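Have a look at the structure below before the remarks.
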Amino acid sequence: MAVSRRAAGAGVRHALRRELARLGAPPAPPGGLAVEAARPMLAGTRERPFNAAGWLFELKYDGYRVLAGHAAAGAVRLLYRSGRDATADFPELARAVAALPFASLVLDGEAVALDARGRPSFGLLQRRAQRWPSRAAGEAAGTPVVLFVFDLLAGEGFDLRPLPLAARRTMLRQVMAAAGPQVPLRLVEAVEERGEDLFAAVAGLGLEGILAKRAASPYRGGRSADWLKVRVDRVGDFAVIGYGPRAPADLRRLHLAVHAGGGWQYAGTVGSGLAGAVRGDLGRRLAGTAAARSGAAPLGPELVRLVEADRKSVAVAPDLVCEVRYKEWTDAGMLREPVFLRLRGDKRPEDCVPPGEEPPD
C-alpha cells in the first residue's frame, strides 16, 4: 500500500530534526524562528572573479531578495530585504512555502520572473511587484515568478544560522527535495572553488554576475566579507533628485545623487536607456512630485541650484531609486557613460552610496 502524503511528510520532518540535532544546531526560540526576526545576510563587492578552495560560487539572479517562512502568528510571510511585506505581491510563492511539510521554516532566496527563454527578466518582475502590486494575483498567470532558494535559516524548531554554509546547504537540499517539481521553488546550485570559470560562463550568456560565499561561514544578518558579489558590468544604485525638461511627458534625463557624509552628493545625469514605456512610467511618477524648493528640501539649497542650473530641469525629493550601468566613476564624482537600467522599488534612497562603499545594513 502506498505511503500516505502525511506519513511521508512526517518521515521527512523526523529525518531533518535528527540530522540537525546531530550537527549541533541550537534550538530556535519557543515557537520557532519567525521570519520577521531574521535579518538578511548581505554581500560585499569584489571587482574581479577568483578561484579559491573553501568557497562556493552561485549565479547572481536578477530579481528581488526575499526571506520566506513562518511568521510569529504562524502563517507564511514573504519579506523584502528592507523588511517590507512581499506576501501579497507573490501569493503563489507564499502558498508553495506553506505547502512544504515542515514547521518554523525560514528560507532565503531571490524572487525572479523568467521570460519565454527561461532567462531572468527584471522588467517582467517589476510589472508584477512594483507597478501593480494590488493585481499580483491576477498577474501571476501571465507572469509566473520563481523563488530561487539559496539558504536555510531555520526549520523544525532549530536555528541553522550558526551552522556553516556547507551544512545549511545540505539541509536545504533535503527541504527542497520535498517541494516537488511543479511548485515555483528552485534550489540554487553552487560550484566549488572555480569562480573564474562560472563568471566566464555567466558573462558569455549576458547575465548579471556571480556570488562567492565562504563554505564555512555562519549566517549573520548584515553585510559580510564572507559573501561577495562580482558583477559583469559596473552597476550602482542612485537616488533620482531631478529631471529635465520641466514637462515630465517629455522626459529626457534624470539627475542623480548618492548618500554620503549624512547628505546628498551629486553624481551627474543619465539619459541613455530612457525610452518608450520606461520614459512614460517615469514621467507619470515624477509628475506627482512637489515643486523644487518644497519637494526637494532634503537636498539642500546648493544641490537644488546645481540641478536647476541645467536648463529646464526640476529638482525633486530623493524618493525614487534607479539602477545605472556605467563605465567609470570619475575623480570629480561623476558617472561616465551611464545607462539607465530600471527603477528599484526594493531599495531605499539611503542605500545609494558612492561606488566602492557599502550601503548601511
Just to be sure before I move on: is G54 buried (at least 24 other Cβ atoms within 10 Å of the Cβ) and in a strand (DSSP E or B) in the structure I sent? no
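Residues are listed down the side, and each one gets a yes or a no for (1) within 16 Å of V240 (Cβ to Cβ); (2) part of a loop (DSSP other than H, G, I, E, B); (3) at pLDDT below 80; (4) of a type outside the set (K, R):
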site: V278; (1), (2), (3), (4): yes, no, yes, yes
site: S294; (1), (2), (3), (4): no, no, yes, yes
site: E302; (1), (2), (3), (4): no, no, no, yes
site: L306; (1), (2), (3), (4): yes, no, no, yes
Within region 147-188, of all residues that are of a type in the set (V, I, T) and farther than 15 Å from G69 by Cα, the one farthest from the chain's Cα centre (by Cα) is T170
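Which one of these is modelled with pLDDT of 90 or more, closer than 22 Å to G44 by Cα and out of contact with any Asp or Glu (no Cβ under 7 Å at 6 or more places or on another chain): E350, E358, E323? Break it down into steps so the answer makes sense when it comes.
Details: E358 fails: modelled with pLDDT of 90 or more; E323 fails: out of contact with any Asp or Glu (no Cβ under 7 Å at 6 or more places or on another chain).
Residue meeting the stated conditions: E350.
Can you confirm whether region 78-98 contains a residue that is among the small types (G, A, S), crowded, with 17+ Cβ neighbours inside 10 Å and modelled with pLDDT under 90? Before the answer, list the steps.
Taking region 78-98 first, the residues among the small types (G, A, S) are 82-83, 86, 88, 94, 96, 98.
Applying the additional criterion that residues be crowded, with 17+ Cβ neighbours inside 10 Å yields 86, 94, 96.
Now narrow it down to the ones that are modelled with pLDDT under 90: none.
No, because not a single residue in region 78-98 is among the small types (G, A, S), crowded, with 17+ Cβ neighbours inside 10 Å and modelled with pLDDT under 90.
With respect to L124, determine if the residue is modelled with pLDDT under 90, touching a Ser or Thr at 6+ places or on another chain (Cβ under 6 Å) and farther than 24 Å from A166 by Cα.
Values: modelled with pLDDT under 90: yes; touching a Ser or Thr at 6+ places or on another chain (Cβ under 6 Å): yes; farther than 24 Å from A166 by Cα: yes.
Here the answer is yes, as L124 does meet what is asked.
Could you grab me the full set of residues in region 99-109 that are out of contact with any His (no Cβ under 8 Å at 6 or more places or on another chain) and surrounded by 20 or more Cβ atoms within 10 Å (Cβ to Cβ)? Lay out the reasoning, then the answer.
Just the residues of region 99-109 that are out of contact with any His (no Cβ under 8 Å at 6 or more places or on another chain), to begin with: 99-102, 107-109.
Within region 99-109, L100, F102, L107, D108, G109 meet the criteria.
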Which numbered condition E36 misses (of (1) under 25 Å from the mean Cα position of the chain (by Cα); (2) free of Cβ contacts under 8 Å to residues at least 24 places away in the same chain): (2)
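The values are calculated or read from the model by the stated rules, or taken from the named source; none is laboratory data. Computed from a predicted model, the values in this text were never measured in an experiment. Every residue, glycine as well, gets a Cβ built from its backbone with ideal geometry; the counts of neighbours run over all protein chains shown.
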